[in-house]
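A.B. asks: Take a look at the following structure, please.
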Amino acid sequence: MTELKNDRFLRAMLRQPVDRTPVWMMRQAGRYLPEYRATRAQAGSFLDLCKNAELACEVTMQPLRRYPMDAAILFSDILTIPDALGLGLYFEEGEGPKFRKTVRSEADLAGLASFTAEDDLGYVMNAVSTIRKELNGEVPLIGFSGSPWTLATYMVEGGSSKDFANIKTMAYDKPELMHALLGLLADAVADYLSAQVRAGAQALQIFDTWGGALSAAGYKEFSLKYMQRIISRLPTEADGRRIPVIVFTKNGGQWLPVIADCGAQVVGVDWTTDIGAARSLVGDRVALQGNMDPSMLFASPTRIREEVATILESYGHGSGHVFNLGHGITPGVNPDNVTAFVDAVIELSPRYHQAD
Ligand code: CP3
């Protein structure tokens, strides 16, 4: 294996000393980049892009050519698992993801296809190994999955939802069915993430985009418990290096003390929580990732730089901070504003890492 030239991201995740705060962006490969839109047009559709290892590799590399990011993230989607389970994923322009079938009954659950990551999502593993080769050790590669709860929201609702009426009805009225579905998804996600590590992923992120729609008790029962189960089953090392795991629950700020005990090395924080307050809550149990409001990228470069400075100051001195947005970058952002964001982290963060 090629030696890793920049391991700042992996070191910060394990709260080891670094020269400056590492930075990457959720959804860093995406529609705000004209070159991404061109490659997607070449592929035909978003799903064709995900299924073509060379083109998925190309779009993964695009943000790295523009910005000195400290990590690459696999180009794929969290909804590949429900698609492989037979629900029929498709995207309608401007409407987000949709499924031809939903899971709302015992019969629907029994009708799901059997799943093995390496057989049924071989195209993702091909993308991982292709990207890893292309990166040539420049920066580490992040693999990812959705959390069981977040995947279940799409599978039960049939797409995006505002009120989660169908899945909450299932959770509250048919808890056994809900837990059977979440258990099946936890098995699939653990297998999927383990396969990504075998294919070359060097860190993992679990996206729990909709965990924050639950009550405090519901979050522990339906989301956190399953992420914990997955993490306990993942390989902890590959090629002699630790494989750190990031858990990101959007709107999970008030549950940070329990999230910090789920077994992940890093907890992602959205912009609604002050990162310094988050640090006091989790202490030295985990590193933190975040948390600039993605909409700040619509402001001027000067304003963006001020916000980066505020977040760095709030986190304070020492390792254990991975700079990121508080959620994925928005399609309409001017790519030059991302330069201002990344440059600000690179220029302003070293002083938080000097020995006192
Ligand atoms: O971070 C990265 O650069 C890696 C790529 C990535 C994508 N989706 C690419 C994508 C990752 C990590 C995801 C995760 C994902 N997908 C999540 C969890 C993270 C989050 O944002 O909360 C969720 C909920 C999904 C489901 C999904 N896929 C949605 C809601 C959408 C957007 C639909 C729309 O039209 O806005 C997608 C499509 C998608 N996934 C796009 C990209 C770049 C846009 C597709 C396009 O090119 O039109």
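Each reported figure results from applying straightforward, stated rules to the coordinates on display, with no laboratory input. As the structure is a prediction and not an experimental result, all values here were calculated from the model. Using ideal geometry, Cβ is built from the backbone for each residue, glycine included, and neighbour counts are taken over all protein chains shown.
A.B. asks: Around Thr249, with a cut-off of 9 angstrom between Cβ atoms, what is the net charge of the other residues, counting Lys and Arg +1 and Asp and Glu -1?
C.D. replies: Numbers: positive: Lys250; negative: Asp208, Asp270.
Taking every other residue near Thr249 into account, the sum is -1.
A.B. asks: Calculate the spin-label point distance for Gln354 paired with Ser105, positioning each point 7 Å from the Cα along the beta-carbon direction, and give it in nanometres.
C.D. replies: Taking the simple label geometry, Ser105 and Gln354 are separated by 6.9 nm.
A.B. asks: Then there's this: Just to confirm a number: summing +1 for Lys and Arg and -1 for Asp and Glu over residues other than Cys50 whose beta-carbon lies under 11 angstrom from that of Cys50, what do you get?
C.D. replies: -1
A.B. asks: Cα axis of helix 301-315 to longest principal axis of the chain: angle in degrees, 0 to 90, nearest 10?
C.D. replies: Compared with the principal axis, the helix lies near 80 degrees.
A.B. asks: Sticking with this one: Once each part is reduced to its C-alpha centroid, what is the distance from region 173-205 to region 303-322 in angstrom?
C.D. replies: 33
A.B. asks: Continuing with the same structure: Set the Förster radius R0 to 25 Å, insert the Cβ-Cβ distance between Tyr123 and Ser45 as r into 1/(1 + (r/R0)^6), and round the FRET efficiency to 0.05. List each step's numbers first, then the result.
C.D. replies: Numbers: r = 14 Å, r/R0 = 0.56.
That pair, Tyr123 with Ser45, gives E of 0.95.
A.B. asks: Highest first, please rank the peptides 51-60, 293-302 by the mean number of other Cβ atoms sitting within 10 Å of their residues.
C.D. replies: Result, highest mean Cβ count within 10 Å first: 51-60, 293-302.
A.B. asks: For region 125-266, what size does the Cα cloud have along each of its three principal axes, sorted from largest down, in whole Å?
C.D. replies: Largest to smallest, the principal-axis extents are 49, 31, 24 Å.
A.B. asks: For a quick size check, give me the Cα extents of the chain along its three principal axes, largest first, whole Å.
C.D. replies: Principal-axis extents of the Cα atoms in the chain, largest first: 61, 45, 42 Å.
A.B. asks: For region 234-273, what log10 I(q)/I(0) values come out of the Debye formula at q = 0.30, 0.34, 0.35 1/Å, with one point per alpha carbon and no solvent?
C.D. replies: For region 234-273, the Cα-only Debye profile gives -0.99, -1.16, -1.21.
A.B. asks: Continuing with the same structure: In debye, nearest 20, what is the charge dipole magnitude of the chain about its Cα centre with +1 on Lys and Arg Cβ and -1 on Asp and Glu Cβ, if you could check? Mind showing how you got there, number by number?
C.D. replies: Numbers: 34 positive and 42 negative charges, 48 e Å.
Computed about the Cα centre, the dipole is about 220 debye.
A.B. asks: Per-residue counts of other Cβ atoms within 10 Å, averaged by peptide: what ranking do you get for 166-176, 256-266, highest first?
C.D. replies: Numbers: 166-176: 16.0, 256-266: 20.1.
So the peptides 166-176, 256-266, ranked by packing, come out 256-266, 166-176.
A.B. asks: Here's another thing I want to ask about it. Mean separation of Cα pairs under 8 Å and 6+ residues apart, divided by the residue count of the chain: what relative contact order is that in percent?
C.D. replies: On the way: 674 pairs, mean separation 77.5, N = 356.
This gives 22 percent for the chain.
A.B. asks: A further question on this structure: Contour minus end-to-end for Ser161 and Thr310, with contour as 0.36 nm per residue of separation and end-to-end as the Cα-Cα distance? Present the calculation step by step, with values, prior to reporting the outcome.
C.D. replies: On the way: separation 149, 0.36 × 149 = 53.64 nm, distance 3.36 nm.
Extending this stretch completely gives an extra 50.3 nm.
A.B. asks: Next question, about the same structure. Take each of the peptides 274-283, 14-23, average the number of other beta-carbon atoms within 10 Å over its residues, and list them starting from the highest. Write out the running numbers ahead of the final one.
C.D. replies: Numbers: 274-283: 16.4, 14-23: 19.0.
Top to bottom by mean Cβ count within 10 Å: 14-23, 274-283.
A.B. asks: What is the diffusion coefficient of region 109-180 in µm²/s, taking the Kirkwood radius over Cα pairs and the Stokes-Einstein relation at 37 °C with a viscosity of 0.692 mPa s? Working shown, then result.
C.D. replies: Details: Rh = 15.1 Å.
This corresponds to a translational diffusion coefficient of 218 µm²/s.
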